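What follows is a set of notes on a single structure, which appears directly below.
Coordinate-derived values only; no laboratory data. These numbers come from a predicted model, not from an experiment. Cβ placement follows ideal geometry from the backbone for every residue including glycine, while neighbour counts extend to all protein chains displayed.
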Amino acid sequence: MQLSLEFQRRLVEDEVSAITAVVRPILAGVLYALKKEVAKEAGGIATLKLFMLGRLRRPGDGDVGICFEYAVHDAILEGNELIVPRIADGLKLCGINGSEYSSILFGAEKSGALDLVNTAVETLTDESVLLYGSQGRPVKLKRHIKSVASAFRRKAVRDQLPASIAGLWKADLFSGCKDSDRWVGSTLKINRRKLEGAAGLRLGIVPSFQGKSDKVYKDDGKNLVICPLPYDGGFMQVFYQAWEVVVQFLAADCKVPKEVALPRPASRQVAQYLADRRDFPVLEVIDALLPLAQPELLETQQTAVELISSVSTSDTAQTTSAIIAPVPVTLGA
């Protein structure tokens with residue numbers, strides 16, 4: 001499959017074009033999250049019109065969380081200065097030293113199915129070590145990656161995992177340094193109150209509380225190193241504005257929502273862009289919005305990845321599609 005990665009390249013120059021730039025990958029994510037049989041019945045992904053997207057989509061509680069996982073993952077890979085210094089501090093507290101920070105997107109759940117983006121073939125080596133924050137010999141991550149993936153759906157496999165990594169199937173990312181070849185299981189929660197530790201997990205990545213300290217620290221009770229990500233004037237602010245536009249637009253039958261639903265003028269302008277194009281295929285709309293988005297705010301890169309479905313009882317790879325969520329953007333002058 002082709003994985004579409006969206007990377008931040010510049011500071012936000014104006015609110016409308018910045019929101020437009022982030023709305024595009026969110027809109028694509030909603031499209032590709034449709035169940036295959038639903039999209040096929042409506043004519044297929046390639047020709048599905050925008051006004052149909054709101055009628056076919058079934059909102060899920062975890063939608064925003066999935067976007068958050070993708071965003072952090074790609075920010076680490078791209079070396080985004082808003083996130084990498086905090087991840088670096090967290091990794092040091094986990095006992096990992098190095099300079100080539102990297103991330104492996106382990107899993108994101110949608111519609112009751114878990115797809116694992118298997119970048120281990122390219123990223124991990126036979127000597128890749130997983131540090132899990134308790135006494136005992138570190139495990140070789142590549143050796144356990146498939147069984148950990150299967151454990152998400154199969155309790156029998158879960159029960160066979162070593163006690164030291166019995167909860168590793170709950171990981172969203174594997175964060176680490178390629179030069180030292182050391183990794184930790186990372187859990188991400190858009191709602192930090194839901195952050196939980198588990199055997200094998202070591203890093204917890206959450207948004208910071210507004211007005212509170214965003215210092216990286218150890219939580220001995222959860223056996224996690226907590227990395228709070230700044231909110232005001234950063235990633236979360238623009239991300240949530242773009243998410244609001246998409247959700248309210250779809251809820252309004254793909255028309256400009258009432259002012260009470262989208263009170264910000266910039267958000268309403270972006271919704272108007274979408275409403276003007278509601279009778280066109282979603283993929284064409286996404287392309288058409290590119291000239292209206294801030295130039296070079298996000299750069300799209302295509303990369304081939306392999307997906308493994310944990311629903312299957314075999315290790316056979318399945319081919320599917322995925323779309324990356326928006327990455328952090330920074331408000332500028």
Quiz item: Taking the DSSP beta bridges in region 83-229 as the whole, what percent of them are antiparallel, to the nearest 5?
Solution: 60
Self-check item: Residues Leu141, Leu195, Leu262 arranged by fewest to most Cβ contacts within 10 Å
Solution: Leu195, Leu262, Leu141
Practice problem: Counting other beta carbons within 10 Å of each Cβ, put Arg193, Arg264 in order, fewest first. | Solution: Arg193, Arg264
Exercise. Positive end of the charge dipole of region 83-229 (Lys, Arg +1 and Asp, Glu -1 on Cβ, about the Cα centre): tell me which of Ser103, Pro228, Gly176 has its Cα farthest that way.
Key: Pro228
Quiz item: Based on the mean of other beta carbon atoms within 10 Å per residue, what is the order of 164-171, 176-183, most packed first?
Solution: 164-171, 176-183
Practice problem: Compute the FRET efficiency between Ala46 and Lys255 as 1/(1 + (r/R0)^6), taking r as their Cβ-Cβ distance and R0 = 22 Å, and round to the nearest 0.05. | Solution: 0.40
Practice problem: Take the Cβ-Cβ distance between Arg143 and Leu56 as r, set R0 to 35 Å, and report the resulting FRET efficiency rounded to the nearest 0.05. | Solution: 0.25
Quiz item: Relative to the Cα centre, what is the charge dipole magnitude of region 83-229, using +1 at the beta carbon of each Lys and Arg, -1 at the beta carbon of each Asp and Glu, and rounding to the nearest 20 debye?
Solution: 500
Quiz item: In the neighborhood of Arg158, defined by Cβ-to-Cβ distances under 15 Å, what is the net charge if each Lys or Arg adds +1 and each Asp or Glu adds -1?
Solution: +4
Exercise. Past 26 Å, Cα to Cα, is the threshold; run Lys36/Lys178; Lys92/Lys212; Lys49/Lys258; Lys140/Lys212 against it and keep the listed order.
Key: Lys36/Lys178; Lys140/Lys212
Exercise. Please report Ile83, Ile66 as a ranked list, fewest other C-beta atoms within 10 angstrom at the top and most at the bottom.
Key: Ile66, Ile83
Quiz item: How big is Rg to Rh over region 83-229, alpha-carbon atoms, Rh as the Kirkwood inverse-mean-distance radius?
Solution: 0.94
